[in-house]
Structure formats: C-alpha cells, structure tokens
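What follows is a single structure, written as structure tokens, with notes after it.
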Amino acid sequence: LAGNEWKRDPTVVKVGDVEIGGNKVVVAAGPCAVESEEQTETVAKAVKRAGASLLRGGAYKPRTSPYSFQGLGEEGLRILRKAGDETGLPVVSEILDPRDREVFGKYADMVQVGARNSQNFTLLRELGRLGKPVLLKRGLGNTVEELIQSAEYIMMEGNGNVVLCERGIRTFEKSTRFTLDIGGMVAGKLMTHLPFCADPSHPAGKRELVHSLALASVAAGADMLLVEVHPRPEVALSDSEQQLTPESFQLLMERVRALASVL
Ligand code: PEP
Ligand code: MN
C-alpha cells in the first residue's frame, strides 16, 4: 500500500486544512515537551507568528532514563490542544501506549510515533484503526525499507494518512547526536508515494546545527520539517541543548522560505 508500484501520484496528507505533500514545505514546531500552560502558549504564538502550520509538543515522553521528566500526560495534551485552538494551529503529539488511544482521539489532530516505537506493530495497527493522520518516525536502527514496512501496518488497517519522518539514525559518528540520513530520505521518496518529514533537531543535538540540517533537508526534497522550539531552551526539561529560541526559529523560517522559493 505504501509502495510506488501500487500508487504513483504523491499522497497529500491533510491535517485540519494543512496539506502535507503538496508543493509547500509544511513546518511543525513547538517544544520537545509540554511543560506548562504558559510555556506552551508562548511558544505557540511565536511559531505561529513565524509561519509554522502545525504545533508540536510531547505530553508522553519516551525518556532513556526512567528518572527523567516523563511528560505531563493527559494534562499536557489538554494544554497543547488549548494552545493550538488559541492560535489556529493543528497539533501533533507522540503516543507511547495503545491504551491512550481515546485520549489522543480526543485531543490530537495528528499522532506521532516516535523512533523508539517505530516497530511497535501493535501500536501501529491500533493507529491504523484510530484513523487520525500519523507522523511515523524512523527507528534509530531501522532501514528506510523497514520504515516503509512500518507504514504498511498502519495502512493495512485502512488509514492511508501517514507521513514518514527521517530523524537520524545511530552510526559510529559522534559529532552529531544522530546521523541525519538525507540520502535515505531521498531514496525513500523514490520508493513510496507517502510524504517525508525531516526532523533536524534530534540528529543535531545542538541548536547551532539545526538551521543547516533543516535547510539541507528542504533542499533534498523534504515535504515537512519538525523543529523543536522553546521560549527559554536553557531551562527546558528535555532536549535543552537542541531547542531553538523563538528568535532563531523566526530566522530559520525566513531562510526556509527563501530556499523554497528557488527550488
Ligand atoms: C520527539 O520528537 O520529541 C522525539 C522523542 O523524537 P524521536 O522519537 O525521534 O527521538
Ligand atoms: Mn525532543
């Protein structure tokens, strides 16, 4: 279902009235984690003003250490929904557990599957049945072909609204947090009709690298960007080093628009 041999024309995934996979680069931006109502509203207004089309924010966080901040859970989703409604931005957030399907059905416009759950086939089937658009991230150790096979699990349950996301993979290279596989994304776009998102924030690991990885992704044909932005990154409860300030995000949006206009 996800393969190019099955359907040749590119799939456009609609989230509210935002179209992913058309001829515009769609940008989703917001904090790594929803931390408070004030933080989320501040960042929602800033990313909206800068030209983002979707608001992201994690409420259930897949942290490496169980002692790290785990997210606000349902309360976080409620806050995200409120900030999205106030700014007119549809919201995307990560689901960890199929048992949370009702909560996501209630609050989210798009459901994110994180890298760590990219091959959680029970979760993928469940999201196929939930029917909301899915942002499916590539697993840290998965090939592009495996990512497309994961999309197949969602699609076989009747949900064709899947956006694939390149977010970097584990390699021997340590100069970045993960290796953003731009070549894999380009090759992937030839294998499937589904749109591709690139997340420059997690592979960068450091905010100094985020603009370049974002621009490289757009130049390579990404249909969407997922960018972490925090009103005060230095005090963020997760991914503090890589989140952009609202000012830096505004500049990134100007650079993305300038680049997109010559592609
Ligand atoms: C995220 O987008 O906040 C996230 C946890 O990403 P990933 O699953 O790619 O690590
Ligand atoms: Mn993060």
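Read-outs throughout are calculated quantities, based only on the coordinates presented, and are distinct from any laboratory measurement. Remember, it's a predicted structure, so these values are computed and weren't measured experimentally. When we count neighbours, we look across all protein chains shown, and the Cβ atoms used for this are built from the backbone with ideal geometry, even at glycine.
Please find, among ARG49, ARG125, the residue that is farther than 18 Å from LEU226 by Cα and not aromatic (Phe, Trp, Tyr).
Values: ARG49 fails: farther than 18 Å from LEU226 by Cα.
Exactly one residue qualifies, and that residue is ARG125.
Report, ordered by the first and then the second residue, all pairs with beta carbons closer than 6 Å, sequence separation of six or more or different chains, a first member in region 157-183 that is outside any strand (DSSP E or B), and a second member that is of a type in the set (S, T, N, Q).
As it stands, the answer is GLY168/THR179; THR171/THR179; GLU173/THR179, since those pairs meet every condition given.
Residues are listed down the side, and each one gets a yes or a no for (1) within 26 Å of LEU252 (Cα to Cα); (2) surrounded by 23 or more Cβ atoms within 10 Å (Cβ to Cβ):
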{"position": "ARG129", "(1), (2)": "no, no"}
{"position": "VAL134", "(1), (2)": "yes, yes"}
{"position": "SER150", "(1), (2)": "no, yes"}
{"position": "LEU194", "(1), (2)": "yes, yes"}
{"position": "HIS211", "(1), (2)": "yes, no"}
{"position": "SER217", "(1), (2)": "yes, yes"}
{"position": "LEU225", "(1), (2)": "yes, yes"}
{"position": "PRO231", "(1), (2)": "yes, no"}
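State all residues of region 23-63 that are within 14 Å of the chain's Cα centre (by Cα), in contact (Cβ under 8 Å) with a residue 60 or more places away in the chain and away from ligand 1 (no atom under 11 Å from the Cβ); if no residue qualifies, say none.
VAL25, VAL26, VAL27, ALA29, ALA52
Failed condition for LEU140, given (1) surrounded by fewer than 19 Cβ atoms within 10 Å (Cβ to Cβ); (2) more than 16 Å from ligand 2 (Cβ to nearest atom), with all others met?
Of (1) surrounded by fewer than 19 Cβ atoms within 10 Å (Cβ to Cβ); (2) more than 16 Å from ligand 2 (Cβ to nearest atom), only one is false for LEU140: (2).
What number of residues within region 190-225 are within 14 Å of VAL162 (Cβ to Cβ) and over 17 Å from the mean Cα position of the chain (by Cα)? Before the answer, list the steps.
Filtering region 190-225 down to residues within 14 Å of VAL162 (Cβ to Cβ) leaves 191-197, 223-224.
Pick out the ones that are also over 17 Å from the mean Cα position of the chain (by Cα) and you get 191-193.
Residues meeting the conditions: 3.
How many residues are in contact with a helix residue (DSSP H, G or I) (Cβ under 7 Å, 6 or more places away or on another chain), assigned to a loop (DSSP other than H, G, I, E, B) and within 16 Å of ligand 1 (Cβ to nearest atom) if we restrict to region 184-202?
Qualifying residue count for the region: 1.
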